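**Q** Below: one structure in structure tokens.
The values are calculated or read from the model by the stated rules, or taken from the named source; none is laboratory data. Predicted model, so just to flag it, every value in this text is computed and none were measured. All Cβ positions, even for glycine, are placed from backbone atoms using ideal geometry, and neighbour counts span all protein chains on display.
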Amino acid sequence: MKKASIAPSLLAADFGNLQRDVEMVNASEATYHHIDVMDGVFVPNISYGMPVVKAIQKHATIPLDVHLMIVDPDRYLEEFAKLGAHILTVHYEACTHLHRTIQAIKALGMKAGVALNPHTNVSLLEDIIQDIDVVLIMSVNPGFGGQSFIENTYDKIKAVKAMITRKNSSALIEIDGGVTTANSQKLVDAGADILVAGSFVFKSEDPTTTIKDLKG
Ligand code: DX5
Ligand code: ZN
């Protein structure tokens, strides 16, 4: 049976013990550290910026999956490359020239991800799916951890999966928001490759075991 890659979202970590939490994820079955950067403009919340990403990078021994919830992300691509981002994901809704942004991310040596808000139809990726390394489907409205999973996500995953096959793309499908062991298997069965989980991991009794359980 196919197993998902798990990307615990450090947004739900204890920032007073960030090194401890990064090291816990390093030593777990997780594949990536998921890093949520919010600017208070694209989303109604501000999370953290470069100094915190740098601190995470200093202790990380697994790749960084950086999710930019910011307007005009082009301004910061180079900086995130220098901070060691492995996957750099921008929002479809935040990019006027998405094709150019994706090429710039790849030219800087990173994998290019495109995130879709819950209201954004997946068909909008039709002309760009072959250029994308990761499609991140938001299964909550971006901006906050701890929200409930939107059920329509399964249909979106199936539609992206069909598009990837039809267009012969190698893009991975990542799901972000409200992921728990109650929906992880169903998400993988629908076609998800990477599962992001914040609250469910960090608010659990034993985060290392929770990551293992999410992996299935
Ligand atoms: C939300 C972020 C998510 C968030 C997920 O805007 O993109 O990565 O941390 O948190 P949970 O897993 O708690 O929904
Ligand atoms: Zn995220």
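**Q** Just wondering, is there one or more residues in the range 121-136 that are modelled with pLDDT of 95 or more, away from ligand 2 (no atom under 16 Å from the Cβ), surrounded by fewer than 17 Cβ atoms within 10 Å (Cβ to Cβ) and at positive phi?
**A** No.
**Q** So, one more: Would you mind finding the one in Asp65, Asp21, Asp14 that is under 28 Å from Lys215 (Cα atoms), crowded, with 22+ Cβ neighbours inside 10 Å and more than 17 Å from the chain's Cα centre (by Cα)?
**A** That would be Asp21, the only listed residue that is under 28 Å from Lys215 (Cα atoms), crowded, with 22+ Cβ neighbours inside 10 Å and more than 17 Å from the chain's Cα centre (by Cα).
**Q** Moving on. Please state which of the following conditions Val90 fails to meet, knowing it meets all the rest: (1) more than 14 Å from ligand 1 (Cβ to nearest atom); (2) closer than 18 Å to Asp39 by Cα.
**A** Every condition holds for Val90 apart from (1).
**Q** Answer yes if at least one residue in the range 195-202 is surrounded by fewer than 21 Cβ atoms within 10 Å (Cβ to Cβ) and either within 13 Å of the chain's Cα centre (by Cα) or farther than 24 Å from Asn45 by Cα (or both), and no otherwise.
**A** No.
**Q** Do we find that Gly109 is surrounded by 15 or more Cβ atoms within 10 Å (Cβ to Cβ), outside any helix (DSSP H, G or I) and in contact (Cβ under 8 Å) with a residue 24 or more places away in the chain in this structure?
**A** Answer is no for this residue.
**Q** Within the range 158-176, can you find the residues that are within 16 Å of ligand 2 (Cβ to nearest atom) and surrounded by 20 or more Cβ atoms within 10 Å (Cβ to Cβ)?
**A** Selection gives Ile173, Glu174, Ile175, Asp176.
**Q** Follow-up question, since we're still on this one. Across the range 3-26, which residue is modelled with the lowest pLDDT among those that are assigned to a loop (DSSP other than H, G, I, E, B) and within 16 Å of ligand 2 (Cβ to nearest atom)?
**A** Ala4
Table: residues versus (1) of a type outside the set (A, V, I, L, M); (2) modelled with pLDDT under 95; (3) within 19 Å of Ile102 (Cβ to Cβ); (4) away from ligand 2 (no atom under 15 Å from the Cβ).
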{"position": "Asn45", "(1), (2), (3), (4)": "yes, no, no, no"}
{"position": "Met50", "(1), (2), (3), (4)": "no, no, no, yes"}
{"position": "Ala55", "(1), (2), (3), (4)": "no, no, no, yes"}
{"position": "Thr61", "(1), (2), (3), (4)": "yes, no, no, yes"}
{"position": "Leu64", "(1), (2), (3), (4)": "no, no, yes, no"}
{"position": "Leu68", "(1), (2), (3), (4)": "no, no, yes, no"}
{"position": "Val71", "(1), (2), (3), (4)": "no, no, yes, yes"}
{"position": "Tyr76", "(1), (2), (3), (4)": "yes, no, yes, yes"}
{"position": "Glu79", "(1), (2), (3), (4)": "yes, no, yes, yes"}
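**Q** Let me ask something else about it. Evaluate the following for Val71: is it over 16 Å from the mean Cα position of the chain (by Cα), within 16 Å of ligand 1 (Cβ to nearest atom), not aromatic (Phe, Trp, Tyr) and not in a helix (DSSP H, G or I)?
**A** yes
**Q** Say whether the condition of being under 26 Å from Asp127 (Cβ atoms), without any contact (Cβ under 8 Å) to a residue 12 or more places away in the chain and surrounded by fewer than 16 Cβ atoms within 10 Å (Cβ to Cβ) is met by at least one residue in the range 37-56.
**A** Within the range 37-56, none of the residues are under 26 Å from Asp127 (Cβ atoms), without any contact (Cβ under 8 Å) to a residue 12 or more places away in the chain and surrounded by fewer than 16 Cβ atoms within 10 Å (Cβ to Cβ).
**Q** Right, next: Exactly one condition in (1) touching a Leu at 6+ places or on another chain (Cβ under 8 Å); (2) farther than 16 Å from Glu151 by Cβ; (3) within 15 Å of ligand 2 (Cβ to nearest atom) is false for Val179; which is it?
**A** (2)
**Q** Further question on the same structure: For the range 114-130, how many residues meet the condition of being touching a Lys or Arg at 6+ places or on another chain (Cβ under 8 Å) and farther than 19 Å from Ile150 by Cα?
**A** 3
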